[in-house]
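The structure appears right after this line, and notes come after that.
The values are calculated or read from the model by the stated rules, or taken from the named source; none is laboratory data. Fair warning: this is a prediction, and the values are worked out from it, not measured in the lab. Here Cβ is always computed from backbone atoms with ideal geometry, including for glycine, and neighbour counts include all displayed protein chains. With ligands, DNA and RNA removed, areas are computed over all heavy atoms of the protein, side chains included. Shrake-Rupley method; radii C 1.70, N 1.55, O 1.52, S 1.80 Å.
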4 protein chains.
Amino acid sequence: MAKLQKSIDKRNALIKATIELVNNSGFHATPMSKIAKMANVSPATIYLYFENKQDLVNQTYLEVKTKYTDFVFKTYDESTSVKTGFELIWKRIAEFNINECEYSFFLNQCNNTPIIDEPSRKEGIRHLQPLLDLWERGKKEGVIKPISDYILYAYSINPLSYLMIAQKQYEFQLNKTHVEEAFLSAWDSIKR
Amino acid sequence: MAKLQKSIDKRNALIKATIELVNNSGFHATPMSKIAKMANVSPATIYLYFENKQDLVNQTYLEVKTKYTDFVFKTYDESTSVKTGFELIWKRIAEFNINECEYSFFLNQCNNTPIIDEPSRKEGIRHLQPLLDLWERGKKEGVIKPISDYILYAYSINPLSYLMIAQKQYEFQLNKTHVEEAFLSAWDSIKR
Amino acid sequence: MAKLQKSIDKRNALIKATIELVNNSGFHATPMSKIAKMANVSPATIYLYFENKQDLVNQTYLEVKTKYTDFVFKTYDESTSVKTGFELIWKRIAEFNINECEYSFFLNQCNNTPIIDEPSRKEGIRHLQPLLDLWERGKKEGVIKPISDYILYAYSINPLSYLMIAQKQYEFQLNKTHVEEAFLSAWDSIKR
Amino acid sequence: MAKLQKSIDKRNALIKATIELVNNSGFHATPMSKIAKMANVSPATIYLYFENKQDLVNQTYLEVKTKYTDFVFKTYDESTSVKTGFELIWKRIAEFNINECEYSFFLNQCNNTPIIDEPSRKEGIRHLQPLLDLWERGKKEGVIKPISDYILYAYSINPLSYLMIAQKQYEFQLNKTHVEEAFLSAWDSIKR
DNA sequence: GATGAATGAGTCTTCATTCAT
DNA sequence: GATGAATGAAGACTCATTCAT
């Protein structure tokens, strides 16, 4: 059991190192040797846990994406009104983007560049299924604009990614007021 | 002059090749030799026009960004109303994103990953100064929400980047109706 | 005793795996881990039985060579005539080459390439001493050509190795008639 | 032209180094870096002339084999008697084996191990077509035993490879008398 | 200005071998 | 004895950059 735990720890350390380094330098500019060093293992050890570099990033991506989805819908309950439900989900996403910005920056990079295998990325926004369902209901109830989910996503969810990046790259600090303002904009953009 | 033209042609061919290859494979997965081959020059020739690979991408970035800004504000006239001015600019940006998606995909990749020198990227959204000025006026006139430009940008402009990527990566086709719908969302999200 | 038998079994399994893998891929293209897997033991276990990879192959070579010599001279009896004795030995060698081609292919590969330690290989054809003695007698009796044993070997014994390889690599199938024909050629080439 | 010559020189140096090093250590025990060093070029330069290590060895094999065939049949003339023709070819092969033993050792190693691509090796003994034709004629004339070419080759030609190896590995020196004796054995083994 | 050849530095990956259990 | 995990060392191969022409 101690041994198994040690293995899991190493795998986690590798995933963590991958996220941090890929965030700072990008996939191709991150050598396996650096990942190994940061995780305190030998480069050869990586290959006990992952098939190759691509596999390492793919698995990291899937793992982070799962963390994201789990977090986002943890408190969600389908029985609320559309607006309440949306606010709930939106705020969780915002919280994730702000508090776990290492994760969200990584996800964002994977979504915007060709470093992830097609199959892994093609999954697209389907992992947000409960949100899509909510929108569906909202459209039927006449609360949400009857437009493509892609557009709804582009205007209500994706801006958070931009704000997260802006916060990381420019001299812009997101505070509580900003989040409220952002939510209003999000809701305004999709509400009927 | 024929000679000068030939030089300009080569430089342009190199920039064009850089955009296409970086779009498809990313910065680090794009060897200089491939860029050279696609531009029909020798690898050594690149170094007559650019200091090194980083410089090549930086200059490409600046060039594309200039094209973008030039296009976006070409028809803009400060004397219009805020809403009209915004619609004008927004639609130009949309047009650029859709028709010159090679360019916008490249810009987006540069903005979201660490492939560009800090100085070039740090500039943020300042290159859209006329738009920022317009928003300033809008806030004073009480037409635009009195919130940070970053948020305004995140909700009214950045979604177009997402839609452009969605169009490239998923099975989503942007048509004229979509653009109108998107504009409404954009305006709704920032109007007071 | 059960324990001892288990040990011997493991050692044999390792030798068997070594032969098969080296035959198919060559010495250096055969990782210890593969040998271990095929023998159903851990890589570390190999080092309980052999000092290192070189030692494993050397011992395998010696073991196979012993099998070869034992088989070849098992039915031999020095009291026969030279021709009868030669036929007896030759046919045993042929039988070994054909029926135990895994073994002979391995021996051949060791003899023709630098994968075996010099000392092991330098021994040359001395392991066939009874045959050399028979030839000596044959030369004295005027039945065998009075030429170097190396030449006698090259023309009467070594061709079998070639035929064995030809059978494995090309579309040539050795049948009983071929063997008889081959024996005639062998005898013709060394008889006075 | 000076440049072209330099290129050819480099390629030749690489082929020469490959032969020598593979002869002494085998394919897999010969690092590209060693080949490069012996040929006085950078490891990277090898890849200007050959696709990869396998390609380097394949091309080396084909080149050497061509040298072999060219040499063997250079003086051959189909109009002679079968025996004279055979003696002519045989002695050229012997000469090649003795004088160019680097080449023949290399060929032998390639023929006996799985280091060469199947296609390259599968060609088998077909490159000796004129000799096969001569044998055909000999069989029709009743001068040569009516047996498989593989057996004829095994007994008349292949022994030279063994003698060449014996000379290299053991304390056996081939002199003129040996060659004559060997030829007699060769002829005896295939003549009717 | 233009180039093809050349390369040093660096990358991913493998593998014989060891060691704690 | 037996093992699976771990790794240092090494190897094939790539690529940004230079330089003689």
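Given the criteria assigned to a helix (DSSP H, G or I), open to solvent by 70 Å² or more (accessible area, probe 1.4 Å) and either more than 15 Å from DNA strand F (Cβ to nearest atom) or more than 14 Å from chain D (Cβ to nearest Cβ) (or both), does C:Asn58 qualify?
Considered against the rule, which asks whether it is assigned to a helix (DSSP H, G or I), open to solvent by 70 Å² or more (accessible area, probe 1.4 Å) and either more than 15 Å from DNA strand F (Cβ to nearest atom) or more than 14 Å from chain D (Cβ to nearest Cβ) (or both), C:Asn58 comes out as no.
If you go through the stretch D:38-48 one residue at a time, how many are within 12 Å of DNA strand F (Cβ to nearest atom) and in contact (Cβ under 8 Å) with a residue 12 or more places away in the chain?
Residues flagged as within 12 Å of DNA strand F (Cβ to nearest atom) and in contact (Cβ under 8 Å) with a residue 12 or more places away in the chain within the stretch D:38-48 amount to 3.
Looking only at the stretch C:13-31, count every residue that is within 14 Å of DNA strand F (Cβ to nearest atom) and more than 14 Å from every other protein chain (Cβ to nearest Cβ) and tell me the total.
Counting residues in the stretch C:13-31 that are within 14 Å of DNA strand F (Cβ to nearest atom) and more than 14 Å from every other protein chain (Cβ to nearest Cβ) gives 3.
Does C:Lys10 satisfy the criteria of being within 11 Å of DNA strand F (Cβ to nearest atom), surrounded by fewer than 18 Cβ atoms within 10 Å (Cβ to Cβ), charged (D, E, K, R) and more than 14 Å from chain D (Cβ to nearest Cβ)?
Taking the combined requirement at face value, the residue satisfies it.
Exactly one of (1) within 29 Å of B:Leu174 (Cα to Cα); (2) open to solvent by less than 10 Å² (accessible area, probe 1.4 Å); (3) under 20 Å from the mean Cα position of the chain (by Cα) is unmet by A:Phe96. Its number?
Every condition holds for A:Phe96 apart from (1).
Tell me whether the stretch D:104-113 contains one or more residues that are more than 30 Å from D:Lys176 (Cβ to Cβ) and either more than 14 Å from the chain's Cα centre (by Cα) or within 16 Å of DNA strand F (Cβ to nearest atom) (or both).
Yes, that holds for at least one residue.
Out of everything in the stretch D:27-68 that is acidic (Asp, Glu) and more than 18 Å from the chain's Cα centre (by Cα), what residue ends up being nearest to D:Ala17 (Cα to Cα)?
Only one residue tops the list, namely D:Asp55.
Give just the number: which of (1) closer than 22 Å to C:Asn111 by Cα; (2) assigned by the TED database to the domain that holds C:Ile89 does C:Tyr76 not satisfy?
(1)
Any chance you could count how many residues in the stretch A:13-35 are free of Cβ contacts under 8 Å to residues at least 12 places away in the same chain and surrounded by fewer than 16 Cβ atoms within 10 Å (Cβ to Cβ)?
Selection size over the stretch A:13-35: 3.
So which helices (runs of 4 or more DSSP H) are wholly in the stretch C:76-184 and hold at least 2 residues that are touching a strand residue (DSSP E or B) at 6+ places or on another chain (Cβ under 7 Å) and more than 9 Å from every other protein chain (Cβ to nearest Cβ)?
C:129-141
Tell me which of these B:Ala94 doesn't satisfy, since it passes every other one: (1) free of Cβ contacts under 8 Å to residues at least 40 places away in the same chain; (2) over 24 Å from B:Lys10 (Cβ atoms).
It is condition (1) that B:Ala94 fails.
Out of all the residues in the stretch B:1-44, which are within 11 Å of DNA strand E (Cβ to nearest atom), assigned to a helix (DSSP H, G or I) and β-branched (Val, Ile, Thr)?
Scanning the stretch B:1-44 gives a single hit, B:Ile8.
Which number in (1) closer than 23 Å to B:Tyr155 by Cα; (2) more than 19 Å from the chain's Cα centre (by Cα); (3) open to solvent by less than 70 Å² (accessible area, probe 1.4 Å) marks the one condition that B:Lys83 misses?
Among (1) closer than 23 Å to B:Tyr155 by Cα; (2) more than 19 Å from the chain's Cα centre (by Cα); (3) open to solvent by less than 70 Å² (accessible area, probe 1.4 Å), the lone unmet condition for B:Lys83 is (3).
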